[in-house]
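Notes follow the structure.
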Amino acid sequence: MTKDFEQLGADKFLIKQLEKRGIREATDIQCKIFPHLASGESVFFASATGTGKTFAYLLPILSKMLNKTQEPASEPSKINLLITSPTLELCTQIKSELDFLLEGSKIRSSLVIGSVNIEHQIDNLKKTKPAIIVGNPGRLLVLAKKGILRLCPQFFVLDEADRLVSDEMLNDTNELCEMVMRSAQKAGIRITVAACSATMNKKNREKILQALSTKAEKNRDIVYIESDANEILREKIEHWAIFSEKRRKDQTLRSLLAAIRAVSSKRKKSGAKVLIFTSKNDEAAFTLGRLAHHHVPCAGLFGKAGKKPVSGEQRRESLELFRNGGIEALISTDLAARGLDIPGITHVISLDVPSDSEVYIHRCGRTARAGKRGIMITIGDETQMRLLASLEKKLKIRVQPKELHYGQITAPLPIEED
């Protein structure tokens, strides 16, 4: 049963802001999460990408903040809401949603990410005195250890929580959580925690809970909520498979992009917007180089090109070009595009098959957002097609085989029996 935001108890200011985007009804996950966070209960939740997870935690928390007499904090170290996320792109996206929801209010927010000059960040924090901080764990820890931030918020959100407790980020996440919970314990505050992702298995939930636990809060009550993660995956997304030998994969990709472009032009649509995934930085850089060499308008969103790190500024420029339609294709690794909400992605192309079904779900989730449909295309060799068949069975999806024939995407001809 759908509900509007007034029925849920959202602040009228936020309801008016949502109406500017034509958003009037809450999604399933928003209906499920709102009452828990509004009443101060901590929640771990999983919901398919494109179902409104960011607003699911922002709307109840901001409603509570707006219902109080909200003045800027007296010091930049005092914050009401702390949001942490694994990548600078996702942190920036969350900050953008905050700016939209809070435009015209007294509540101020700041973005704290590792790619920005730290002295500029410190100056900005002192100037704005934000009630809300959004940042990645590493930079938040640096500023906290310098005494710039006192990490003792009323609300603490871990967005893309499963990634935050992955092996490469677990130490920073654990240290940040320990610092936040220890500060709250000393101040006698019980923090409301929200942790979310499109996929959150039992192991990841236990890691997050362990990171948040203190001696005084071993029995912290957490509400676990899941929405139907496969509805969009099965009903809104077409899954295609195109066979290609490894040595011909970049040529197959170019032919596929040309075919997609031709279909879009024929249907007189505004143009295709294609996100291309590969697992490794080197492969992403190679693919970008090959497409650029053949004059395909494209950009990259990955951490390194060879041994040279890609700057945060370069990544932001690539993302903005893609968002604004300046290029038709963006080549990314899974980490770089984690959780991003980029409007209008028509196709996702995967140049490999992840062994983890959760990675496949995250890739698919970049398309078919906000009620639209999308297409997920895997290009792979014989080994990868077998892996895809296993995913097809596990996720209960239907993968359609496709071929590129004279510049068109077609279904393969049936095999005639003798």
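The values are calculated or read from the model by the stated rules, or taken from the named source; none is laboratory data. Just so we're clear, the structure is a prediction, and the values are computed from it rather than from any experiment. Note that we place each Cβ from the backbone using ideal geometry, even for glycine, and neighbour counts take in every protein chain shown.
State which residue pairs qualify: first residue farther than 24 Å from ILE61 by Cβ and inside the stretch 105-134, second residue assigned to a loop (DSSP other than H, G, I, E, B) in any location, beta carbons under 7 Å apart, and separation of 6 or more residues or different chains.
The qualifying pairs are GLY114/ASN136; SER115/SER311; ILE122/ILE148; LYS126/PRO76.
Which pairs have Cβ atoms under 8 Å, sit 6 or more apart or on different chains, and link a residue in the stretch 234-247 that is of a type in the set (S, T, N, Q) to one that is surrounded by fewer than 19 Cβ atoms within 10 Å (Cβ to Cβ) and in a loop (DSSP other than H, G, I, E, B)?
Going by the 8 Å Cβ cut-off, the qualifying pairs are SER244/ASP381.
In the set ARG182, ARG163, ARG190, which member is assigned to a loop (DSSP other than H, G, I, E, B) and among the basic types (Lys, Arg)?
ARG190
Answer yes or no: is there a residue in the stretch 63-82 that is touching a Phe, Trp or Tyr at 6+ places or on another chain (Cβ under 6 Å), modelled with pLDDT of 95 or more and farther than 30 Å from HIS120 by Cβ.
There is no residue in the stretch 63-82 that is touching a Phe, Trp or Tyr at 6+ places or on another chain (Cβ under 6 Å), modelled with pLDDT of 95 or more and farther than 30 Å from HIS120 by Cβ.
Considering only the stretch 221-330, give the strands (runs of 3 or more DSSP E) lying wholly within it that have at least 1 residues that are modelled with pLDDT under 95 and more than 20 Å from ALA368 (Cα to Cα).
222-226, 298-301
State whether the residues of the stretch 387-398 include one that is in contact (Cβ under 8 Å) with a residue 60 or more places away in the chain, β-branched (Val, Ile, Thr), part of a loop (DSSP other than H, G, I, E, B) and more than 19 Å from GLY300 (Cα to Cα).
yes
From the list LYS127, LYS95, LYS106, which residue is out of contact with any Pro (no Cβ under 6 Å at 6 or more places or on another chain), among the basic types (Lys, Arg) and assigned to a loop (DSSP other than H, G, I, E, B)?
LYS106
Restricting to the stretch 6-17, what's the tally of residues that are over 20 Å from VAL43 (Cα atoms), in contact (Cβ under 8 Å) with a residue 40 or more places away in the chain and not polar (S, T, N, Q)?
Number of matching residues: 3.
State all residues of the stretch 322-342 that are free of Cβ contacts under 8 Å to residues at least 60 places away in the same chain and either closer than 17 Å to PHE277 by Cα or crowded, with 22+ Cβ neighbours inside 10 Å (or both); if no residue qualifies, say none.
Scanning the stretch 322-342 gives PHE322, ARG323, ILE327, LEU330, ILE331, SER332, THR333, ASP334.
What number of residues within the stretch 1-38 satisfy the criterion of being under 21 Å from LEU102 (Cα atoms) and part of a loop (DSSP other than H, G, I, E, B)?
Matching residues across the stretch 1-38 total 9.
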